[in-house]
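The values are calculated or read from the model by the stated rules, or taken from the named source; none is laboratory data. Just so you know, these numbers come straight off a predicted model, no measurement behind them. Here the Cβ is made from the backbone with ideal geometry for all residues, glycine too, and neighbour counts use every protein chain on show.
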Amino acid sequence: MFTTGSKYFIGLTALSVVATVLYLFLVNPSDLGALALVGLITSAATLSGVSIFTRDSDTETVEQAVDASAGPASASFWPIVVALGAAMVLLGLATEPVVFVLGIAVLVGGGVEWMVQGWSDRASANAAYNSEVRAKVLGGIEYPGLSAVLTIIVAFLFSRIFLAVSKDAATIFFMLVAAVIFALGFVFAARTDLRKKALSVVLPVSIALLAIAGVVSALSGERKQLVDAAREDHFAIEHRECGEEASKYYDKHANNRVPLRKAVIATITVENNEVSAKMIGLDRKVDTITIPRMNSTTVLFRNLDDSERRLVVNLGSAKVGDTDVVEPLGTCTQLTGKGQEQVLTLTIPKPATAEEPFSFTVPGANGEIKLVVP
Amino acid sequence: MDTVSRVKSSRRRILGTLVGIAASATLAGCAQNAPQDTWEPKGPNAEMIHDLDNLVFPIAYVVGIIVLGLALYIFWKFKDRGQEIPVQGHGKPYMEITLTVVPALILSVVGVFTFRTIFDLAETQDTEIVINVTGQQWWWEYDYPVQPEHGINQPIVTSGQLVFPAGTKVLLRETSRDVIHSYWIPALNGKKDAVPGRVHLLRLEANEPGLYAGQCAEFCGLSHANMRMEAIALSKEDFAKWVANQQKAYVPPAAGTVEAEGEAVYIAQCARCHQVNGLKDAQGKPIISAPDEYVYSGAAPNLTALMTRNTFAGAMFDLVNEKCRADVWGAPSEKFGEAYLKGVTEDCLNQKDLRAWLRNAPEMKPMYAEPNLLGPSDGKYRGMPYLALTEDDIDKLVAYLLTLK
Amino acid sequence: MTTIDTHVGVSTHTTGSSFVASVGQWVTSSDHKKIGRLFIGLSLLYAIAVAVIGALIGFERINPDGAQFFDADAALQLTQLHRHALVFGLLAPLFIGLAIAVVPMQVGARAIALPRLAQLGFWGWALGTDLVLISFIANGGPGGGSSDMVDLYLLGLGLSLAGLLAGAVSVATTVLTSRAPGMGLMDVPAFSWSALMGSVASVLSLPVAIGTVAYLYVDHTYSQTAFGDNKVINTWLGWVYAQPQTFVLIVMALGVLAEIAPVTARTRQPLRPVLLAGIALITTATLGAVTQTAHVLDLSGTTGDKLSSTILFLFFNGLPLLGALVTVAVAMLSFKEGRPGVNASFAFALLGALMLLAGVAGSFVQHIGDAALVGTSFGEGVTAYVVYGGLLAALGGITYWAPKLWGVVLDDKKVLGLAGLGFIGVVLASLPLYVAGFADQPVDAVNDFDYSGPLGLWNVLAGAGSAVIALVVLAYVGLLFAAVRKGAGASDDPWDAHTLEWSIPSPAPADNFAALATVSSSEPLLDVKPSQEVPA
Amino acid sequence: MTLALPSAPAPAPRRQLVVATALVVSAAVMLIAGMLGMWMRFRAGAPVRTSADGLEQIKDWLPASIKIPEVAANTMAATFPFAALMAQWAVYASKNRDGQHRSLALIITGVLGVAIVNAQLAVYAQMGVGISDGAYQSMFYAITGTMLLLVSGGIVFSAVAFFRSVGGRNDDSHVITAHALYWYFLTAAFTAVWFFVYVQK
């Protein structure tokens, strides 16, 4: 009736009961040890039950050894991936959240792969068929997923390089890269016999080179100009430097193309150091621009002079928060080079007062355009 | 027997319906008082469209009749009488080519004229006056940019009625503060959408002074149907008078009068959203409204010289009573300016609607389906809210508003 | 010599594989022998590191006022790291690994049960231990200065414990479910039995530690109100590194001795059920560790107090000692029945077992309240005896099963020499700490104690002992490497042994048994080797 | 001379998964028991102090401001047996070789598991307790969080079993049995947690 295993586990249960009783009476019933020992009773009893239920999994004859197809499981990549995911999750918990998120992704991906492999390994007795069903279930996800990950990595590495080297160097670098890719493509196309062997050399080498270059770039940091720009807070959305040039690098990367033609109510132009304005639908110059109150309105600035200019809109002044400090209101475009354009989109809730009229000006150029908000 | 009679009766019913529809469609064409009739152009732009219609519609009628006739003929000729199914062929090149080439030719003819008209309508080189038109739920704001050649030295903001000189090429710059609206005065031009963040141009020109009615033509919310507009064309002289009147300085009511009390009520209750140019508070500081804090669209009609307008609440209600209204609408072209510029006098005022509006605006004009649920609009109102004014306050307010001429 | 040949010509070696392919094979292999060898290899690496740290600590104690290797904070962290690496870098994985590598062959299974769980177990343990190491290096661990890294220490500890658990589940399931037809649990070889016992005991005790780690982690990260700051972590977790919890892990060391002794004596194991019962007793009694309380014999107070203290003391500390004594004694009974003889693996196993007995007895003494040894370095001595004794026994096991795992037989004389040296090393590393314990040298302290006089000598000896152990392990690994490189082919059954693993080729093929034997006794090979039968 | 042992075919994995699950369950029981033990030790050891007015003895354990949402907790406690019942249904269906109902039962088990996770998150949200507010709070999150992880393990188990079930492993009843065993464990473990943490507090 009772097998060896169950006898052992029943003995363990009994001893745990004795220990628990001893503990309850001699030590302290509300101590953590008491509950741990109760847990031990539960666990040992569970194992006893399973031992009796499975009869120690004893088999005397071959016939009793049913469903005996268990060969050694095939090699699997996923246990280490899952362990790595777990380690990343924990590392992320203690350090960077991004590592945690990546770890979760690795964990989920590895877990799903493991699950499918575990199923497909025994889908049939035929190994080839099994790997085929595995591929059928996961192939449609694996390849795109893997290439997406690879693309992200490659893009990330390239971006590190872009950010680290100077603009000119980056241009030359990528011209060279493109040339090399073109040349290699040509060689591969021409020499079909080489392809496989060469590819197996070229791909790892180029990926390794990219990785090295990327890591080195990442470690060496972004190029000085960008670092300075970050220090000057140029990437903040509200950063506007409308007066004298205080910072060195602000505006160097302005996007000077304007896609919003249909939204533009007026165009302000600087030509020969003179500011002039035209309103949409009116084919002559105006010295006043009227824009509806509390409506998002766009004004285009076009610089036709050699020197870089910016359009500044002056919107009176206001107190800062609850303090008594009064600061001028207004904003401006980024610096705009010759023949380039920028837009300013304004939503003005209140009209100007007689003391503080609104206007558009261009520092360094003559004239101003009155801005009227009814 | 029974079956047959039932079939007959159902046929009769269908026939009756068809005849009814045709008759009402025909009779509608005979309407006398149809201010938004697209077939009665009153300005060069609408005439261009009308001329194009005169070309395109006959062609379309002919094509339509041919196609319909052929279809009916084929229905009748080949209807199922139990005959054998004809041989199913595949393609008749000559017929197919013909059926492709003929419509293409027709379309090219129509297209040439259509494109010409479209380009003509889009012309803005010779604009004489510019007016900004801004749509919001559910009224139109008109503001006149500073244009000294028209005597406009400070911006004029009005609403409900677009006033412009007749015989002058007017350019509307349309935009919107909330959703897409569409500006449409059928007698003067086609419709043009007003889209938030964009500026669309629409040319208007009236041959004669007069009143031209219109209607927002893009579904824009609960009171879309109540979003009307009236375009008022005045002779150049009358327009200059109107401009001068709009720009004249604000005259506060004499102290101690009921109008002065009304002004106080106005400042307390209305000035939060409604601007009256020149209105000053006790310290003598100009009062500037802040509708952006209360209203979803961020705007409320400017009430300066309110009594020069004939309508209020997005042209939904008349500001004048029926008799005075008939005087303006019925005035002949040469007398129209005089009638319009009279404005709203005390005996002309439509007391009933204006008071009801002040009493409880949301009841007069559907603004939000469920007034308690202002959530989706960030807790701001769409349109004028219920202000819980006392009758006494309303009396004072009406008296004050009558001074805004 | 009789060769029992089931299927010749199957080789574990793949031919023509590049370095990458071979790494890939090790990383992805679900072959229990590979997983076990990974465990063994890495823990031997830790053994060297641990012994070096032990030596450093010993020498640091010699002259606390003079030259210092490290400051007080670092010293605390280093002693914690030492303790951690002793138990969870060396002792636990070494035996789990040995069990993973050997048990499936012993019970006649073609593969370990749940091979991928065992794989996961190894990588979980290895990566978790890496995290622990990283945390210590980056100023973490108990008493660490960097709060994040203290968190990381706790998390890494949790992961490595979970990994060990996974390995233990795999081993226990193998013994419970994958035995050859006809092999009842009573017929299981002594080592496999001890592996089952040790694994089940780990499965039942380590989760309590994981639970504590969970509390500590949450509390430490978010509030540090319930459990206190960095330095007191070990107040809550100390029991995991202390006796009797560490006994859970030495059961398999005694199993190695019980396995090798009868083979060396060329006899069937006498009183085999008693041996198995002894092994079961020590593990079962050890599970009292989950109470996380040291049950100290306190003979003050009323008679009732004395009685209850005595009962608890004997129950929680006496039973393990009894089990260990019974196991070693019954194992040695083989030599009464059989012929006396000594070889390297037996020497290692015996010396290791004796060291373990010294440790278990030491733990017994330590818990006698009147001896006033709690909180002294006596406890360190117990841990050293237990862990290094386990190390010696494990080296015995590795020597014994080297033919199956690597296909080599190690040079008996050289290994015998190492065993002797190892014995000296262990005694040196442990015994002086016992003595120092009686002289009230505080536990885990390095600097804030006067180590002058004879204490200086004891600590010199302890440090030297650790250094000797480092050398022994280094030399042993070197020997193993050299033998594997030379590829001295071992015969299938070099020891003329009793159990199933010796019926298959050396080294064992990937799937162990091409065809399976039905067995009918606990020494199946002796049954089919009539010429070798020793008269009972 | 070569001796051959009497040979047998490949060994049977005899309810490996059931036995392994039993071992894992035992480990998890110890985990929860140990954590509850620690919980009890802290609860018993929480300092008692006299209130400011000297009229009451206050135990510094469960802060007065924290109200345990008992409805959600009880709902969770009631959901576990249903999940276990569904897991048992899967075993029953598996024995009857009824693949459709087996899959259905497994997916219901998993969905109930998700519902339990949801309820636990709702408990967190309703309590509005900051994890870093104090000893009780961090311990509460530690033990319920561990329980949450164990339940997540149950959901993963259900997912794997479901995948195998729809994947056509009709004779793989061990997975289903092991799955049921795990859900029985979860039910028992949560009942203990519920009693000690949510009822006794």
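Go through B:326, B:331, B:313 for me and flag whichever is of a type in the set (A, V, I, L, M, F, W, C), closer than 25 Å to residue B:179 by Cβ and modelled with pLDDT under 90.
On the way: B:326 fails: closer than 25 Å to residue B:179 by Cβ; B:331 fails: closer than 25 Å to residue B:179 by Cβ.
Being of a type in the set (A, V, I, L, M, F, W, C), closer than 25 Å to residue B:179 by Cβ and modelled with pLDDT under 90 holds for just one of B:326, B:331, B:313, which is B:313.
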Residue A:347 passes all but one of the listed conditions (1) within 12 Å of chain B (Cβ to nearest Cβ); (2) under 23 Å from residue A:273 (Cβ atoms); the exception is number (2)
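Of the residues that make up the stretch B:322-342, is at least one closer than 21 Å to residue B:157 by Cβ, crowded, with 18+ Cβ neighbours inside 10 Å and under 21 Å from the mean Cα position of the chain (by Cα)? I'd like the intermediate steps shown before the answer.
Step one: list which residues in the stretch B:322-342 are closer than 21 Å to residue B:157 by Cβ, which gives B:340-341.
Next, from what is left, pick out any that are crowded, with 18+ Cβ neighbours inside 10 Å: B:340.
Filter once more, so that each one left must be under 21 Å from the mean Cα position of the chain (by Cα): B:340.
There is at least one residue in the stretch B:322-342 that is closer than 21 Å to residue B:157 by Cβ, crowded, with 18+ Cβ neighbours inside 10 Å and under 21 Å from the mean Cα position of the chain (by Cα).
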Exactly one of A:34, A:19, A:68, A:75 is facing another protein chain (nearest Cβ under 8 Å), at pLDDT 80 or above and assigned to a loop (DSSP other than H, G, I, E, B), and that residue is A:75
Is it the case that some residue within the stretch C:264-277 is away from chain D (no Cβ under 14 Å), crowded, with 24+ Cβ neighbours inside 10 Å and assigned to a loop (DSSP other than H, G, I, E, B)? yes
Checking B:110, B:101 in turn, the sole residue that is away from chain A (no Cβ under 14 Å), in a helix (DSSP H, G or I), under 26 Å from residue B:52 (Cα atoms) and touching a residue at least 24 places away in the same chain (Cβ under 8 Å) turns out to be B:110
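In the stretch A:100-107, is there at least one residue being facing chain C (nearest Cβ under 7 Å), at pLDDT 90 or above and surrounded by 19 or more Cβ atoms within 10 Å (Cβ to Cβ)? Explain how you work it out, then say what you get.
Pass one, the stretch A:100-107, residues facing chain C (nearest Cβ under 7 Å): none.
For the stretch A:100-107, residues facing chain C (nearest Cβ under 7 Å), at pLDDT 90 or above and surrounded by 19 or more Cβ atoms within 10 Å (Cβ to Cβ): absent.
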Note: among B:265, B:251, just one is out of contact with any Leu (no Cβ under 9 Å at 6 or more places or on another chain) and either farther than 17 Å from residue B:161 by Cβ or outside the structural domain of residue B:228 (by TED's automatic domain parsing) (or both), namely B:251
message: Suppose the filter is among the acidic types (Asp, Glu) and surrounded by fewer than 24 Cβ atoms within 10 Å (Cβ to Cβ); does residue C:229 pass it?
response: yes
In the stretch C:289-340, anything part of a helix (DSSP H, G or I), among the charged types (D, E, K, R) and closer than 19 Å to residue A:25 by Cα is listed as C:305, C:306
Flagged in the stretch A:272-285 as touching a residue at least 12 places away in the same chain (Cβ under 8 Å) and either in contact with a Lys or Arg (Cβ under 9 Å, 6 or more places away or on another chain) or part of a strand (DSSP E or B) (or both), in numbering order, are A:274, A:275, A:276, A:277, A:278, A:279, A:280
Contact list, first residue from the stretch B:266-285 and under 15 Å from residue B:400 (Cα atoms), second anywhere and among the basic types (Lys, Arg) and in a loop (DSSP other than H, G, I, E, B), beta-carbon distance below 8 Å, six or more apart or interchain, is none
Only one of (1) buried (at least 24 other Cβ atoms within 10 Å of the Cβ); (2) within 12 Å of chain A (Cβ to nearest Cβ); (3) more than 23 Å from the chain's Cα centre (by Cα) does not apply to residue C:142, and that is (2)
Review point. Can residue B:342 be described as more than 14 Å from chain A (Cβ to nearest Cβ) and either farther than 30 Å from residue B:167 by Cα or touching a strand residue (DSSP E or B) at 6+ places or on another chain (Cβ under 7 Å) (or both)?
Key: no
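Taking residue C:117, is it assigned to a helix (DSSP H, G or I), modelled with pLDDT of 90 or more, more than 8 Å from every other protein chain (Cβ to nearest Cβ) and surrounded by fewer than 24 Cβ atoms within 10 Å (Cβ to Cβ)?
On the way: assigned to a helix (DSSP H, G or I): yes; modelled with pLDDT of 90 or more: yes; more than 8 Å from every other protein chain (Cβ to nearest Cβ): no; surrounded by fewer than 24 Cβ atoms within 10 Å (Cβ to Cβ): yes.
No; evaluated as a whole, the condition is false for this residue.
Would you pick out the residues in the stretch A:41-59 that are within 7 Å of chain D (Cβ to nearest Cβ) and in contact with a Ser or Thr (Cβ under 7 Å, 6 or more places away or on another chain)?
Step one: filter the stretch A:41-59 for residues within 7 Å of chain D (Cβ to nearest Cβ), giving A:42-43, A:46-47, A:50, A:54, A:57, A:59.
Residues satisfying the conditions are A:43, A:46, A:47, A:57.
Looking only at the stretch B:279-306, count how many residues are under 21 Å from residue B:214 (Cα atoms) and more than 10 Å from chain A (Cβ to nearest Cβ). Step through it out loud before you land on a result.
Initial filter on the stretch B:279-306 (under 21 Å from residue B:214 (Cα atoms)): B:300-302, B:306.
Filter again for more than 10 Å from chain A (Cβ to nearest Cβ), leaving B:301, B:306.
Residues in the stretch B:279-306 being under 21 Å from residue B:214 (Cα atoms) and more than 10 Å from chain A (Cβ to nearest Cβ): 2 in total.
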query = Just wondering, is there one or more residues in the stretch C:182-202 that are of a type in the set (Asp, Glu), out of contact with any Pro (no Cβ under 9 Å at 6 or more places or on another chain) and at the interface with another protein chain (Cβ under 10 Å from one of its Cβ atoms)?
reply = no
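Of all the residues that make up the stretch C:97-114, how many are outside any loop (DSSP other than H, G, I, E, B) and either facing another protein chain (nearest Cβ under 7 Å) or touching a Ser or Thr at 6+ places or on another chain (Cβ under 9 Å) (or both)?
8
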- For the stretch D:129-151, does any single residue satisfy the condition of being closer than 22 Å to residue A:43 by Cβ and more than 14 Å from chain C (Cβ to nearest Cβ)? yes
Among A:292, A:328, the single one that is at negative phi, in the same structural domain as residue A:343 (by TED's automatic domain parsing) and in contact (Cβ under 8 Å) with a residue 60 or more places away in the chain is A:292
Given the conditions (1) farther than 26 Å from residue B:278 by Cα; (2) surrounded by fewer than 22 Cβ atoms within 10 Å (Cβ to Cβ), every one holds for residue B:209 apart from (2)
Can you find a residue that is within 22 Å of residue C:499 (Cα to Cα), at pLDDT 90 or above and in a helix (DSSP H, G or I) anywhere in the stretch C:198-217? yes
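Do we find a residue being assigned to a helix (DSSP H, G or I), β-branched (Val, Ile, Thr) and more than 13 Å from chain C (Cβ to nearest Cβ) anywhere in the stretch D:167-177? Spell out how you get there, then give the answer.
Of all residues in the stretch D:167-177, those assigned to a helix (DSSP H, G or I) come to D:173-177.
Then drop every residue that is not β-branched (Val, Ile, Thr), which leaves D:175-177.
Applying the additional criterion that residues be more than 13 Å from chain C (Cβ to nearest Cβ) yields D:176-177.
Within the stretch D:167-177, one or more residues are assigned to a helix (DSSP H, G or I), β-branched (Val, Ile, Thr) and more than 13 Å from chain C (Cβ to nearest Cβ).
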In the stretch B:87-128, anything closer than 30 Å to residue A:289 by Cβ and touching a Leu at 6+ places or on another chain (Cβ under 7 Å) is listed as B:124, B:127
Checking A:131, A:124 in turn, the sole residue that is away from every other protein chain (no Cβ under 12 Å), under 30 Å from residue D:166 (Cβ atoms) and of a type in the set (S, T, N, Q) turns out to be A:131
How many residues of the stretch D:141-169 are out of contact with any helix residue (DSSP H, G or I) (no Cβ under 7 Å at 6 or more places or on another chain) and closer than 17 Å to residue D:67 by Cβ? The answer is 0
Only one of A:189, A:170, A:155 is in a helix (DSSP H, G or I) and surrounded by 13 or more Cβ atoms within 10 Å (Cβ to Cβ), namely A:170
